[in-house]
1. Please give the FRET efficiency for Lys35 paired with Asn122, using the beta carbon to beta carbon distance and R0 = 41 Å, rounded to the nearest 0.05.
2. Can you compute the helix-only [θ] at 222 nm over the chain? Use -39500 (n - 2.57) per DSSP H run of at least 4 residues, normalise by all residues, nearest 500 deg cm²/dmol.
3. Pulled fully out, how much extra length does the chain show between Ser2 and Glu20, if you take 0.36 nm times their separation in residues and subtract their Cα-Cα distance?
4. Between Asp78 and Ala212, how many nm apart are label points set 7 Å from Cα along the C-beta direction?
5. Taking region 110-173, which trypsin sites (Lys or Arg not before Pro) meet the DSSP loop condition and have no more than 10 other C-beta atoms within 10 Å?
6. Binning every alpha carbon pair distance of region 1-138 at 5 Å from zero, what are the percents per bin?
7. Once you sort the root eigenvalues of the Cα gyration tensor of region 74-128 as a ≥ b ≥ c, which label holds: rounded (a/c under 1.5), prolate (a/b larger than b/c) or oblate (the other case)?
8. What helices does the chain hold that run 18 Å or longer along their axis, going by alpha-carbon atoms, with a Kyte-Doolittle average of -1.0 or more, using DSSP H for the helix calls?
Amino acid sequence: MSNLRNSYEKLLKGNQNWVEKKLKLNPKYFDELSKGQSPDYLWIGCSDSRVPDNEVTGSNPGEIFVHRNIANMVVHTDINMLSVLQYAVEVLHVKHIIVCGHYGCGGVVAAMQRSDNGLVNNWLRNIKDVIYWNKSELENISDVQQRADRLVELNVLQQVKNLAKTSIVQQAWKKHELELHGWVFDIRSGKIIELDAKFDEIEDLDPIFKYAD
Ligand code: CO
């Protein structure tokens, strides 16, 4: 069998093994899973294959509603992200929204450079804005890796702020409890770092971003 075929078949075989393992532990596992979901968390993470939400948090299918894109961005014209956000908040009533970035993020590193990457430039532009707004802090960090790490953190903080600026989150705050959190997954240790990004009320926002009742 060719390598190409092998790498593909590996996943289907992996699925068979997983189903068997789950059923061995609990014969009713899929009966229960198919009943529905009521996750407490919405995870907005990077598409990077090294940051799987369930695995790094030791959680299970059914516990985390997920949206992933390059560099865990909350872009206010992104209808995909907004649809996930609206469903998670208004229908699933998640209690926590976690924006999780990670050190060694290729999207963040690319945004720090001047190379022309075509279409993706427009996505990375949102990170270039974060660089621009934090120019003096970042320029004071001489070590390139440390500067990139700090940008990963600043980018997460900005995306949490972007969530707070949506009417979806602001409406939810008026009706029920919802907390926003900013995390960084440290890919070098496996540990999650909680950033000081806790938004749980509209008062934390600049007035220009607050929607009237
Ligand atoms: Co990334």
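1. Step by step, r from the Cβ atoms, then E = 0.50.
2. It lands at -13500 deg cm²/dmol.
3. 3.8 nm
4. It is 3.1 nm.
5. Here the sparse-neighbourhood loop sites are Arg114.
6. Distribution as computed: 2, 8, 13, 15, 16, 15, 14, 9, 5, 3, 1, 0 percent.
7. oblate
8. Span-like helices in the chain: 144-164.
The values are calculated or read from the model by the stated rules, or taken from the named source; none is laboratory data. Not measured: the values here are computed from a predicted model. Note: ideal-geometry Cβ built from the backbone for every residue, glycine included; neighbour counts use all protein chains shown. Calculation scope for accessible area: heavy atoms of the full protein, side chains included, ligands and nucleic acids excluded. Shrake-Rupley method; radii C 1.70, N 1.55, O 1.52, S 1.80 Å.
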